[in-house]
Structure formats: structure tokens, C-alpha cells
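One structure is given here, and the rest of the page talks about it.
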Amino acid sequence: MNRERLYNFAFFDEGSKREVRRAILKAVAIPGYQVPFASREMPIARGWGTGGLQITLSLVGKEDVIKVIDQGADESVNAVSIKRLVVGTTGIRTTDDAREATIIQSRHRIPEFPLARGQILVLQVPMPEPLRFVESSEYATKRLHAEKEYSGAYLALFEEIMKYGRVATGADHPVLVHDRYVMAPSPIPRFDNPKMMRCEALILLGAGREKKIYAVPPFTKVASLDFEDHPFEVESLEGRRCRRCGAREVFMDEIIDDASGGAEYQCNDASYCASRTRARAGAPASGGG
Amino acid sequence: MGYIAVRGGAEAIEASIERLKYERLRKGRALDVGAAEAGLRALVDQVMAEASLYDEGIAALSIKQAEGSPEEAVFLMRAYRSTLPRSHYALAVDTRAMRVERRISASFKDIPGGQLLGASADYTHRLIDPSLRGETDEGAVAWVEEYLGRVAIDACDTNEASEDSAASRPEAPPASAIDYVRSLGLIEERQMDDAEPRDVTKKAIEFPASRSERLQILARGQTGAVTALGYAALRGYGATLHPTVGELRVGRVAVYVPDPFAAGSAKGDGDAYYVGELRITAVETLVPVQVHKGRGKTEIEFVLGFGACFGQNETKAIAMSLLDQCLESGDKRSAVQDEEFVLLHVDSVEATGFISHLKLPHYVTFQSKLDSLRKARGAK
Amino acid sequence: MAAEYDVSALRVEGLWKWFGPRCPRCSTGREEALERNYCPDCGTVYALRDLSFRLFEGEVLGVVGESGSGKSTILNCLYYDMEPSAGAAYLSSFEGGESDVFSVSAQAKRTVRNTLLGKVYQNALLGLKMGFSSISNVAEKLIASGDRNASRMEARAVELLGHVNIPPYRMRENPEFFSGGMQQRVQIAKALSNNPPVLLLDEVTTGLDLSVQAKVLDLVKQIQRELGISMLLVSHDLGVVRMLADRTVVMLNGKVVEAGLTDQILEDPQEPYTQELVHSML
């Protein structure tokens, strides 16, 4: 391929990487605040993880080991596509094992293995503005954040309680970071929200199309929005058990059994499931791309 | 939903990419990049403008790779552009100082320097010409030779020729139709502002946006999107009175970069280096507006809408000039006057990217929503 | 003076609001520079000109005048819907009446608006979120003032909506499906949600049927009697003012032309404009 001749290490020119890193530093300094940045066009489509990809490429060095997951799966087509691009422009090593990776880029999941100090989790964000559905203007939402005026976010939840008897958010349930900024955690399931609370790893969130970077530094307080008498609830895991590894307290995919038409469950985090399955079979639980 | 792609993603992608190549080549013909560059001028121009990267060769290659899809070709160009260091900002280009290939005014029959129709499909009948099927390269060469024998045109496309012509940097641009209207005192006077613009590709746009930021985004906007919104403005969603094209120019402009080592060079008074020529379309539209003149008097005055883009793309440039005026008006009653609405939705890469992301799996988000639907139903 | 502060819930001093560029001639503030409230030289409109007044605790102060006299602009400025051009306002409930509520931080302004004031708009579209249930509309101000207990807020909203005679089975509906009179009643419930010491009422009955008007006015009167809230009541209708207001100010071209006890103004108007206004009612 003549790609090598046309493109730099980690795709960007060094000036662009520095620009992205400056935005990241600002984001780390103001937890939960959306830092505007000059999002570049990437070789993958806007809306397909370009925010996360720009963060990853601006940070990656030759010693890094990367893991990319899409909706929990390392082998999902878009995860593979992003991994190919990172590896193609850097030549670094990949892994499926969340414990071994230095950078984990993920769409809509936080891995089941707890993240450790020194790791960086990069989340892809489609809609970074948690107030967008109560206020369509960017000019207005910026001011609401500045004044810490979050009644709109709570009102939306309250309205759900009034209409449906409970908070009916799906993924992307808003969180309050460091008691200051309300933040969209990206469309992770509610099950993953508590993993952000005082997480040991640095969490970086990138929205390429919307041109925003924001961050949850290690050990930061992250609380899901709720009411005293309607506390935040994760998805129901009651009676669910992974059909492959037998896990219980993890986020599951619902599988329709072709024969019976009934529902079965399987770990959504594929590499977590695989390493448990291997451990059960007595094989060493290592990763490797 | 029964199938979760846990394994096999890599193989599937490989196979899909191969299949795509097969679709491009299956008819046993390889598109010649040179032929694409020579024969698909309008598409090359459109792709360069939307990509905001002026390189006809790379554009033609992108078009070939994208099998002619403008959205894909623009995407390829933009991604490539992201990897290029931005070393310099050019001096402001005065579009009046262009080597004009086409210049028309809808406001005056006689404009200074005369109307120059140039190359335009405006007055062709849109009848499919079967004789084009039999065209050959040899025939093309012969026809051009014969044409240039009888018609004297400034056909210098090559860089060497351009440098000759650029050596004499025009001091005073020729008068235009706009100057005439201005001399009548019918156009609101504005200060010349050659301040270096805020580069929207280096600094994310924040609202309210400056005019330079708006013009940048419109100039690289998707042709169809800019046209559609400009059309909406013209039909009454924004423009109050009928606008007129004051002057539309297509031609080549010289680009200069200030000497990076000379003091004060950014203002254009120091040394500057000629770096090449661009072919562009530039439009000034006269839009009548009501201006309050005190004592209860209201007068009609013209304001200028400006549109410009790489290559020859006149519809887009005119639509852009209408939107420029709509966004300058300060009125926000209609969507095309709302800068957040216009500027955040005309970009090809952003719009096509986000719409196409709906093809990505949404298993987790869907699962989460399903859970809360079930709970809500149970709670009711 | 100090004794007076104790009884004025709201004190407005030197309030100006103009629309337009202003010019050297009209910015002197001299009466003769203007035609009514309009500068013919630069086209500036003076909606409020150096307005000062007090609203005493527990009273209803009526503001009457023709349309364009500036009366709604007072409420718009006080509720931060509009920025005043100059002037100050003090609420006895905010920092002991010592701070000008126009010059505090944006965050403090939100607190004032969300906890110390309530407003009922003539146009319910401005006062309500039509796509949210009526309960949520009432709860919005409670949320804004920091309440995070959903059932408590729900109970409060139900209580207030009941108070304004919204039937329980319609409380979860969006006000977009309500009649004009019902919408005004939801607005009143919303404005009352935080027990604000001062309530701003802008032409609350304008545009409603006569029978509905009477019900809304009765409701306002009843609330005033029960809760003792201070109210600033803007209306072009002297009948409304006569029924509700203890004192009345009459406005013309952005200025107060006459002020006094409502009965006194209606029985024995002193100014020619007030006389004209009162006579037109008869």
C-alpha cells in the first residue's frame, strides 16, 4: 500500500496532535466540561467514532497497547475497522484483554474488568450535550452550564416519573461530575454509570462531529442524576445468567433462541466472557489480538 | 437481534472491501484518473470546494476511488487534508483581481468591462447528445487545436504561464457593477476588514459566529445543502425582498503567502510569495433591505451578500450569498437566519457521517431502552 | 426611611428601558426631545422613563394604561425577560433589600426568579412548557430551587393544581390540550409553587371569555386573601384593577401620570389622561 508514503505516524501531523492534546488537558482540568476543539476529518465517518479516534491518535505512542470495542465486542465490524486504522498508521500492538491495554477505545460500554490506574478509557460520543433535548441552541446550553442551571435535565426525568411512573431513560443517563457539570456519559447502559464513580483510570470522551472533548479524571466523583425517592437504577439483571460463562452480575445481550423463540442471555463484554470461559476450561486467560 | 457479531468481524470487512473493489472493476474497465480530471470538471470542482482542498489531481483520484460519489470523494479528501501541516495563511485574495473567464451581472446590461458569458451551460438545451458516445482523445485534440486557431482565449492552464501573469500583481482591481451602485450611495458602507480569519478547521466554531467563520463553513458546505437552504431563503423563509446578482465572476486568482520572516508581513505590506493560482466562483448579490432613517422615514438600501467557492459552481455560490445576507441580518425569525441551524447542518462529512452511523449496531443502547420500557410498563 | 423598607416588598428606582440607538438629542432625557415616548430623530422608543414606585407587603398594586404605555415592560424587566437600560430594584426578601437585583450575577438572578418571584403571562405559551404535563410545569420552579424529592414536588403540584380547580384526572395532561382559562390557572399554580413573596400578573384575563375572566379573578383574589402575597397587577382593564388593586398607578408614554388609592383614582381622577380613561370605562 502506498498509504505509508502519504500518511504520518498515527495519521495526524504533529501540530494537529498537539492541538487535540491541549483540548484534552483543558478537559482534565475542568472535569465534565465540554471543551470545543477543532475536530479533524478522519478516514472513518463522522458519527462512527471520530471523536474517540482523534483522542486515541493524539495520545498513542509506540509502546502503547490498544483495545477497541464496539458495543462490548472486540470483533464488531466498526471496532475492527478502527483498530485497523490505528494499527495501520502506528504498527502498535492490540489486545482483547481490558487489563492489558494502555488505551481502550470504546463505543457505548465500559469493560467489566475494573479499570486500573494508568489506563486511559476513550469513549466515543454521538451527542455530548446532556441538555440538548431540553434546549436546542448551543448558545443557550453553554450559558446554562456556566450558571449551573440544570433544572431542565431534572425536569425531563421528573416528567418521565409523572408520565410513566419511573425514570425511563435508556442508555446515556446524565451524570453530575465533581458536583459541578452535568455530563452525557455517552450511550453506555445505565449499568456502566456507576463504573465511572471514582474510577482509577482516566476517562476521556470525544465527540468528533460535535467537536467536543471532555474528561473524567481518575478518582472523580460521578453521580447519576436522580431524585431522593426515585434513586438511579441500573438495568434489571434479575434471573439472568450468561449461557456461555455463567456470569451473573454483568451486562447481558438478550439472544432470541431460534428453536424455542425464548430469550437467552450472554455477556455483552465479549472478551470478559471469553476469558472466563477459558479460565473455566483451564486455559491461561490472556488476550492477544 | 439474534445474531451478535462476536467473531469474524475482520474477515467480513476484508470480504466487503474486496467486493467493493469488484463492483468498481467488474465491467472490465479501469477509469483513467487523467480522463476523470479532464472530463469531470464540474465534479472535480464540487469535490475540491466541499473538501476545502484545492488539488485537481487528488480530487480526480478520490472520485475514481469513490466511484463518482461526491460524498465519498469529499470524505477522502477531507481525511487526507487532516494530515497536512498548516504552515501558512495566504494574504486576502481580492476576487476582483481575478483573471476573468466569465463575468455577468443581472443588475446592469452594461457593466464596466462588459458582460463576458464564458463557459456556461445556462443557455444549452438539455438534450442528451448521442454523438458524445463516439468521442476520442484524438478527436478532442484536433477540435481544441482548430478552436484555438479561430478563437483567441486566455487558455493558459499551466503553472508556468500563470506565474508570468501573476508577476504583475494588479494594483487597482477593475471597476465592477457593485462599485457603480456603491457610487450612487445605495449600498451601506462597510469598513474593509482583512484581519486574518478564525480558521474553523483549527478552532471549533462558537456562537455567535463571526462573518469569516460563516463564510468558511458555507464555502465548504455540501452543494445540495447550501442550495436547498438558499432556495428556502429565496422562496420567503428569510429573504424579504427579491435579491439580484450584482456580479458573478469565474476565473483564476493568484494566492500569495506573506514572508514568514518579514516583520509586519501578515498585513500584506511586506514581501509575499506567489504560491499558485486557484480557479474560483465569486458572487456579490444585492439584497434590498429596509433601513430606518429617523423622523419616521424608512428607505430601501442594498446590502451585499457574498458567496465564493473553489472551481465553477455558480448555484452554490449564489445560494451562499443569499445565506450570508440572511445570517448577517440579525433577524432570527426563520430557520435560514438562525446561524446554528444553517452552519451546523450544511457540512457534507458531518451530515453524511451521522446519518450513516445509524447503520452501526446499537445493541447495547437498544437493550437498555428495552429494559426501561419493560420497567415502565410494569410500573404503570 | 429605614422603617419604610420593612414594609415595601419591592422598591423600583429610576427604571429606564429604551429600544433603539439613542442620539445626543433624546439622551438628555428632556421631555421636549420626544414625541410622546418616541425620538423622531433616531427612532428610539422610550418604553420606561425614570420610573420609581413601591409595592408594599401584602398589597395589590394595579398598573393601568393603554397598550404601549410601558406597563408590561416593567414586569418583563423585573422577571429578567428583558434587560433594563438603567435603574435599580430591591426585594425585601433578597439580601435584606440591600442589593439591586438588576446588578447581581446571572446565577443570583436565576435564584431571584426561581424562588422570590412568580409571574403569570398574558400569553400562556411564554409561561408554560406546553409539551410537559401540568404537574411538571408546576414542579419546574421547585426543581429550579433545588428540590430533589419527586413525590414531595408531585404532592405540592397536585395541591396547587387542585387549588386552581384543575381536576385530578387532567393534571398529568400537557397544558397544550387545555382551554385558555385552564392554562391561566396552571400558570397561577406554577407561579405560586415556591410561595414567592411577590407575584407579577400580566393581563391575566385578557383574551378570556367574560365568565372565565370572573373565575380567574376570583381565584387571584382568594389566593391574595389566603396567602397575603404582594402582587403587581398589570392590566388595561380598569374593571380588573377596581376589583383587585388596593392602590393603582396610571401610566402614559412610559411615565406614571397619577398614583393613589384605587377608589380615589376611580372616583376622583386628577389628571386629564386618567379622567379620560375612567370616563371611557363608564
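Some notes on this structure:
- Ranked from largest to smallest solvent-accessible area, with a 1.4 Å probe on the protein heavy atoms, A:H230, C:H279 come out as C:H279, A:H230.
- Accessible area of chain C belonging to carbon and sulfur atoms, whole % at 1.4 Å probe: 50
- A cut-off of 5 Å between modelled amide H atoms, ignoring neighbours fewer than 5 places along the same chain, links C:E258 with C:V250.
- Between the helical axis of C:134-144 and the longest alpha-carbon principal axis of chain C there is an angle of about 70 degrees.
- Degrees between helix C:272-281 axis and first principal axis of chain C (Cα, 0 to 90, nearest 10): 40
- Contact residues in segment A:210-225 by the 20 Å² criterion (accessible area, 1.4 Å probe, full protein complex versus chain alone): A:K211.
- Normalised contact order of segment B:9-81, rounded percent, pairs of Cα under 8 Å and 6 or more residues apart: 26
- For chain C: relative contact order, % (alpha-carbon pairs under 8 angstrom, 6 or more apart): 24
- Overall shape of segment A:199-249 was characterised from the C-alpha gyration tensor. The equivalent ellipsoid obtained from it has semi-axes of 29, 19, 13 Å, in decreasing order.
- Working from the Cα coordinates of segment C:80-212, the gyration tensor eigenvalues give, after taking √(5λ), semi-axes of 27, 18, 12 Å in decreasing order.
- When a 1.4 Å probe is rolled over the protein heavy atoms, the share of accessible surface on segment B:9-81 that falls to carbon and sulfur comes to 52 percent.
- Surface share of carbon and sulfur [accessible, 1.4 angstrom probe, percent] for segment A:3-224: 55
- Neighbour-limited loop hits for GluC sites (Glu not before Pro), segment A:35-118 (at most 10 other Cβ within 10 Å; DSSP other than H, G, I, E, B): A:E63
- Volume per residue of the C-alpha convex hull in chain C, rounded to whole Å³: 144
- Rounded is the label for segment A:1-135. Its Cα gyration tensor axes, ordered a ≥ b ≥ c, give a/c under 1.5.
- Chains B and A, summed buried accessible surface - 1.4 Å probe, Å², nearest 100: 5100
- Translational D in µm²/s for segment A:237-289 (Stokes-Einstein at 37 °C, 0.692 mPa s, Kirkwood Rh from C-alpha pairs): 279
- Taking N as its residue count, the alpha carbon Rg of chain B over 2.2 N^0.38 Å: 1.18
- Listed residues C:E140, C:E267, C:E176, most fluctuating in chain C (Gaussian network, C-alpha, under 10 Å): C:E267
- Rule-of-thumb Rg ratio for chain A [Cα; 2.2 N^0.38 Å; N residues]: 1.03
- Residues in segment B:335-362 occluded by at least 50 Å² - accessible area, probe radius 1.4 Å, against chain by itself: B:E340, B:E350, B:F354, B:L360, B:P361
- In the complete set of protein chains, residue-level accessible area for C:K221 is approximately 80 Å², probe 1.4 angstrom.
- Computed from backbone phi, the HN-Hα couplings of segment A:204-216 come to 10, 10, x, 10, x, 5, 8, 6, 9, 10, 9, 8, 10 Hz, rounded to whole numbers (Karplus: 6.51 cos²θ - 1.76 cosθ + 1.60, θ = phi - 60°; Gly and Pro given as x).
- Accessible area of C:K71 in the full protein assembly, 1.4 Å probe (Å², nearest 10): 10
- Solvent-accessible area per residue, Å², over chain A with all protein chains present [probe radius 1.4 Å]: 38
- Along each principal axis, taking the top coordinate minus the bottom one, the Cα set of segment C:144-282 gives 55, 30, 26 Å in descending order.
- Nearest-10 value in Å² for the accessible area of B:I355, using the 1.4 Å probe: 120
- Max mean-square fluctuation residue, GNM over chain C, Cα-Cα springs under 10 Å, options C:T73, C:T111, C:T205: C:T111
- Per residue, the accessible area of chain B comes to 57 Å² when a 1.4 Å probe rolls over the protein heavy atoms.
- Inter-chain Cβ neighbour average for residues A:12-24, partner chain, 10 Å: 2
- Remark: relative contact order (chain A) = 21 percent; criterion is Cα-Cα distance under 8 angstrom and separation of 6 or more residues.
- Near C:G58, the amide H atoms lying under 5 Å from its own belong to C:S230; only residues 5 or more places off or on other chains count, and H is placed 1.01 Å from N.
- Segment C:1-156, accessible area per residue, ligands and nucleic acids excluded (1.4 Å, Å²): 41
- Of the residues B:R235, C:R49, A:R180, the one with the largest accessible area comes first in the ranking B:R235, A:R180, C:R49, computed with a 1.4 Å probe on protein heavy atoms.
- Note on segment B:9-81: Cα-Cα pairs beyond 16 Å make up 50% of the total pair count.
- Orphan Cys of chain C, criterion: no other Cys C-beta under 4.7 Å: C:C77
- Computing FRET efficiency as 1/(1 + (r/R0)^6) for B:Y89 and C:E276, where r is the C-beta to C-beta distance and R0 is 51 Å, gives about 0.15.
- Most fluctuating residue given options A:L176, A:L25, A:L202, as computed from a GNM of chain A linking Cα atoms under 10 Å: A:L25
- Residue-normalised convex hull volume from the C-alpha trace of the protein assembly as shown: 236 Å³ per residue.
- Placing a pseudo-label 7 Å from each Cα along the Cα-to-Cβ vector at B:A121 and B:E188 gives an inter-label distance of 3.6 nm.
- Karplus-derived 3J(HN,Hα) values for segment A:120-127, using 6.51 cos²θ - 1.76 cosθ + 1.60 with θ = phi - 60°, are 10, 9, 10, 9, 7, 10, x, 10 Hz; glycine and proline are entered as x.
- Accessible area, probe 1.4 Å, largest first, for residues B:K375, B:K109, C:K119: B:K109, B:K375, C:K119
The values are calculated or read from the model by the stated rules, or taken from the named source; none is laboratory data. Source: prediction; values computed, not measured. Here Cβ is always computed from backbone atoms with ideal geometry, including for glycine, and neighbour counts include all displayed protein chains. For accessibility, only protein heavy atoms count, side chains too; no ligands or nucleic acids. Shrake-Rupley method; radii C 1.70, N 1.55, O 1.52, S 1.80 Å.
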